[in-house]
Amino acid sequence: MPTTADILIETLIAWDVDVIFGLPGDGINGIMEALRIRQDRIRFVQVRHEESAAFMASAYAKWTGKLGVCLATSGPGGTHLLTGLYDAKLDQAPVLAITGMQFHDLIETFTQQDIDLTRVFSDVAVFNAQVADAAHMENMASLACRSALAKRGVAHLSVANDVQEQSMDEGKRSKRNEPHHEPNRWFEGRRLPDLAELDKAAEILNSASRVAILAGRGAINAREELEQAAELLAAPIAKALLGKAVLPDDHSYTTGGIGMLGTLPSQQAMEQCDALLIVGSTFPYVEYYPKPGQALVIQIDRDDQRIGLRAPVEAGLVGDAGVTLRLLNERLNRKQNRSFLEQAQAGMQHWRELMHTAQTSIAMPLKPPVVAKAFGDRMPPDAILVSDSGQNTELAARHVDIRDGQAFGVSGTLASMACGLPYAIAAGLAFPGRPIFAIVGDGGFAMQLGEFSTAVRYNIPIKVLVIKNNMLNQIAWEQMMFLGNPQFGCELHPIDFAMAAEAMGGRGFTITRPDEVTAVLDTALATPGPVVIEALVDAYVPMMPPKMPPDYVENFKKALPETPSHEKIEENLQEEPTHSMLHAEQQ
Ligand SMILES: Cc1ncc(C[n+]2csc(CCOP(=O)(O)OP(=O)(O)O)c2C)c(N)n1
Ligand SMILES: [Mg+2]
């Protein structure tokens, strides 16, 4: 007779789960055994910290579109999962989290590791159950998989330690619980928009004279349709960070990123448009959208709850991006006046020249854009790019050009530090053979540093560029810009990451000078297996939005005198692109 754990793992195999990320503990011994005896059909990837397991499950789901699964023991194992699970919740990735609990008759007795994880996970999960026995598991395992996929969120199953090993006892099954009534299948419908809304959207877009498009992750598989819409509407496309791979960065219709990490032409398109078409994005920074009343907004999203989330919407098209855009495009007239697009294209040419200045600086200390750009330029055509959270995200967003066939991923809405390494490892497991490039900060990388040994153990040849500024730098700039406070508490004690990589059995390289960038990167990227390249960069190059709002400028001025090493920051403010960003408001 199968045990509860056998039923769980057989169900996952039936649901096409091929990998589980986790770390054992005595609260999940039964489940580990069920995995051990099925190693030929399902892979257990052992992590060094359960948070990474949850990030990997979230990332695996994002990279593949399949269910991501993570496993942790009772008590601390379960609580360690939480940050990665919130990443899945906020970016809507389908993830199943499995945890152990105390012996079923010791729960709530203040015994060791006695945490009711179903209560703890009640906020993060769309489906959340403690499994009572084997017959119950037949229902729960399948329903949990379906719930995560259908609701694109986290499902959680917690199983008391002794229940995992219990064999199915048909005699104990309740009369109404018929065996085998639960199908291991999920059916997804094609979401089509309302026809009247489509006509209304087309009418608005056809009458507008300056249309801008904001494209996000939801548009990833609608590249052609999006290009066609932009062509018909003569509309520049700004890309939210999670939509970076929607179109190549040098594509003539895109103005690149938007927001704090974005470009000036994207911001100008938002400021000057009279209609905005949002495709598969709920980019969270409302202040970068058109001002209320300025533009008529059309939004395409597969999730009706999200339509109108960031801007009042005139026509809401609930549907999948590709099919909805196709229906919309049929109703659009090609705009004769192309000047709004042409203006954005001219702006982009200027912006890219500005970035080029920063990317080719030969000044010491090494400027971060120089190494980010050189790293990105070396990504092969099918590479996957990952970033972490911080100024390193800005470097990946602004200074790495994504090209056709490449992919990009990051903890987007949660914007959690320490996502980079697990995201990269998950990409390597999802797509063996594809080159994996990660740009991370020294703060975020240190948080889960031990996970690099997971890449070594499973021989996942990730190439990790660590932006070593010995600072939690994004926060330093935010303290100054947002509140006018001097930087405080952001300095980091240096770590030799190249040596750490070697200590874990990988390879480590260091770049300290601009004239070393080419040679060291070429050698490091030609080195097989997992590699860390630490680039010791100038910590005093500010990270700014493309156009500093007047209050940010004032705050910055106020904060500078008492900020340690402010002279070095002041020096860099004379350089591009910070100089132009600082003065963009007056231009
Ligand atoms: C888990 C977590 N803690 C804190 C933050 C706030 N935060 C955002 S960026 C950042 C600095 C990150 O430092 P580092 O990884 O060195 O990147 P840098 O900005 O220096 O490139 C911090 C502390 C966060 N996003 N996530
Ligand atoms: Mg840093």
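Figures for the structure shown
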{"item": "Percent of Cα-Cα distances greater than 25 Å, calculated over the stretch 364-586", "result": "37"}
{"item": "Equivalent ellipsoid, the stretch 165-237 (semi-axes from 5 times Cα gyration tensor eigenvalues, Å)", "result": "52, 16, 9"}
{"item": "Rounded if a/c under 1.5, otherwise prolate or oblate - the stretch 4-170, Cα gyration tensor axes", "result": "rounded"}
{"item": "Reachable aspartates and glutamates from Lys172, criterion Cα separation under 15 angstrom, eight or more residues apart if same chain", "result": "Asp133, Glu138"}
{"item": "Two-decimal ratio, the chain, of alpha-carbon radius of gyration to 2.2 N^0.38 Å", "result": "1.01"}
{"item": "Computed over the stretch 343-470: relative contact order in percent, which uses C-alpha pairs under 8 Å that are six or more apart", "result": "24"}
{"item": "Spacing of the two label points (7 Å from each Cα toward its C-beta) at Asp522 and Met364, in nm", "result": "2.2"}
{"item": "In range of the label at Asp16: residues from the stretch 181-211 whose backbone nitrogen is under 12 Å from the point 7 Å along Cα→Cβ", "result": "185-188"}
{"item": "Potential lengthening between Leu492 and Gln349 on full extension [0.36 nm per residue; Cα-Cα distance subtracted]", "result": "47.8 nm"}
{"item": "Cα long-axis angle, helix 517-526 against the chain (0 to 90 degrees, to the nearest 10)", "result": "30"}
{"item": "Efficiency of FRET between Phe431 and Val323 - r from beta-carbon atoms, R0 22 angstrom, step 0.05", "result": "0.25"}
{"item": "Relative contact order, percent, the stretch 300-409 [alpha-carbon distance under 8 Å, six or more residues apart]", "result": "17"}
{"item": "Phi-based couplings in Hz for the stretch 141-146 (Karplus 6.51, -1.76, 1.60; Gly and Pro marked x)", "result": "4, 5, 5, 5, 4, 5"}
{"item": "Highest to lowest packing among 288-295, 236-243, 309-316, 127-134, scored as the average C-beta count within 10 Å", "result": "236-243, 127-134, 309-316, 288-295"}
{"item": "Cα centroid separation, the stretch 514-554 to the stretch 3-54 (Å)", "result": "38"}
{"item": "On Cα atoms only, tilt of 550-559 relative to the major axis of the chain in degrees", "result": "80"}
{"item": "Partners for Lys463 among lysines (Cα-Cα distance below 29 Å; same-chain residues under 8 apart left out)", "result": "Lys62, Lys66, Lys89, Lys239, Lys244, Lys367, Lys373"}
{"item": "Overall dimensions of the stretch 216-308 as given by Cα atoms, namely Rg and Dmax in Å", "result": "12.1, 33"}
{"item": "Cα point-scatterer Debye curve for the stretch 290-402, base-10 log of I(q)/I(0) at q = 0.19 Å⁻¹", "result": "-1.09"}
{"item": "Angle in degrees between helix 368-377 and the longest Cα principal axis of the chain, rounded to the nearest 10", "result": "70"}
{"item": "Length-normalised contact order of the chain in % [C-alpha pairs under 8 Å, at least 6 apart]", "result": "11"}
{"item": "Amide H partners (placed H, <5 Å) of Asn128, local residues excluded", "result": "His156"}
{"item": "Cα Rg, Dmax (largest Cα-Cα span) when computed across the stretch 6-64, Å", "result": "11.4, 31"}
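A short reminder: the numbers here are calculations on the coordinates, not readings from a lab. All values derive from a computational prediction rather than experimental measurement. All Cβ positions, glycine included, derive from the backbone under ideal geometry; neighbour counts span all protein chains shown.
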